[in-house]
Amino acid sequence: MKAPSALVIVPTYNERENLPKLVEALLQQPNVRLLIVDDQSPDGTGEIADSLARQHPDRVDVMHRTDRRGLGRSYIDGIKQAIHEPFDVICQMDADFSHDPRHLPDLIAATEHADVVIGSRYVPGGAIVNWPRRRLLLSRAANFYIRSVARLSPRDCTSGYRCWRREALARLPLDRFISDGYSFLVEMLFVASGQGSRIAEVPITFVERRLGESKLSRAVLLESAITPWRLAATRGRTR
Ligand SMILES: Nc1nc2c(ncn2[C@@H]2O[C@H](COP(=O)(O)OP(=O)(O)OP(=O)(O)O)[C@@H](O)[C@H]2O)c(=O)[nH]1
Ligand SMILES: [Mg+2]
């Protein structure tokens, strides 16, 4: 069978040390193209992305956002462009090497039998490397909380490493999405699940970033605490 063609959306904010290496690693894989969505990174990541696009004009695209910055907003803009292009699969991935490009073929392959495939830290075979105990507990607790309150079944609802069949992604009412940080990822899953999309999980080894800085903020954590309740309150109205 012909391998599916995939577009990987990579949101970036201050990832100048990671992006060139990530692009190189991803382009080793045939049938993969990239859409980098940069939010006017002060460290010049946008210009680096442009130069990578010039080096690989058939495989790398860049979107420069100028509206208010945010991970969710960047994904929304990237997805709106991506769903109009002729790819079988559209993927989401962080730029900081927490999401190992070597797992990508497994995730893409699993879309044969699922509409959404999550690169999961919390299924057998999944792992986390280099997280302090506090961060591990926070992520575990967040997933327990989200699964209970929003009644979602995946083990890893906050993983940002995902592949979607294009039709499933195109069905999401992105203009109605409210959340931004991690919550955006939870909201996507909640709505997809309500629409009857088949969700699968493939184990990944998640590695904490070695270069660059985290953007995890208090505002993002607060939003994550509220979102599952908001989603639970809208249950049945998402179709
Ligand atoms: N376009 C865009 N990308 C962002 C924004 N915030 C974060 N990102 C990117 O989203 C991805 C995940 O962000 P991280 O800072 O790694 O967040 P995190 O993984 O929770 O934090 P760490 O565990 O410390 O890495 C990375 O590729 C970031 O560059 C933003 O406001 N706009
Ligand atoms: Mg990260």
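Tabulated values for the structure
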quantity	calculated
Qualifying residue in region 179-188 (condition: within 16 Å of ligand 2 (Cβ to nearest atom) and open to solvent by 20 Å² or more (accessible area, probe 1.4 Å))	yes
Of residues in region 69-89 being buried (at least 16 other Cβ atoms within 10 Å of the Cβ) and free of Cβ contacts under 8 Å to residues at least 60 places away in the same chain, the one nearest to Thr227 (Cα to Cα)	Arg69
Within region 197-218, tally of residues that are loosely packed, with under 15 Cβ neighbours inside 10 Å and at pLDDT 80 or above	4
First in region 164-178 and open to solvent by less than 10 Å² (accessible area, probe 1.4 Å), second anywhere and of a type in the set (D, E, K, R), Cβ under 8 Å, 6 or more apart	Trp164/Asp115; Ala168/Asp115
Residues that are surrounded by fewer than 19 Cβ atoms within 10 Å (Cβ to Cβ) and not in a loop (DSSP other than H, G, I, E, B), drawn from region 104-126	Pro105, Asp106, Ala109, Ala110
Residue match in region 154-169 (condition: more than 30 Å from Leu22 (Cα to Cα), among the charged types (D, E, K, R) and more than 16 Å from ligand 2 (Cβ to nearest atom))	no
Given (1) away from ligand 1 (no atom under 16 Å from the Cβ); (2) in a helix (DSSP H, G or I); (3) open to solvent by 50 Å² or more (accessible area, probe 1.4 Å), number of the condition Leu221 does not satisfy	(1)
Some residue of region 130-147 being open to solvent by 40 Å² or more (accessible area, probe 1.4 Å) and within 29 Å of Gly46 (Cα to Cα)	yes
Test: residue in region 148-156 that is open to solvent by less than 10 Å² (accessible area, probe 1.4 Å) and of a type in the set (Gly, Ala, Ser)	yes
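The values are calculated or read from the model by the stated rules, or taken from the named source; none is laboratory data. Everything quoted here is computed from the prediction, not taken from an experiment. Heads up, the Cβs are rebuilt from the backbone with ideal geometry, glycines too, and the neighbour counts pull from every protein chain shown. The accessibility values were calculated without ligands, DNA or RNA, using every heavy atom of the protein model including side chains. Shrake-Rupley method; radii C 1.70, N 1.55, O 1.52, S 1.80 Å.
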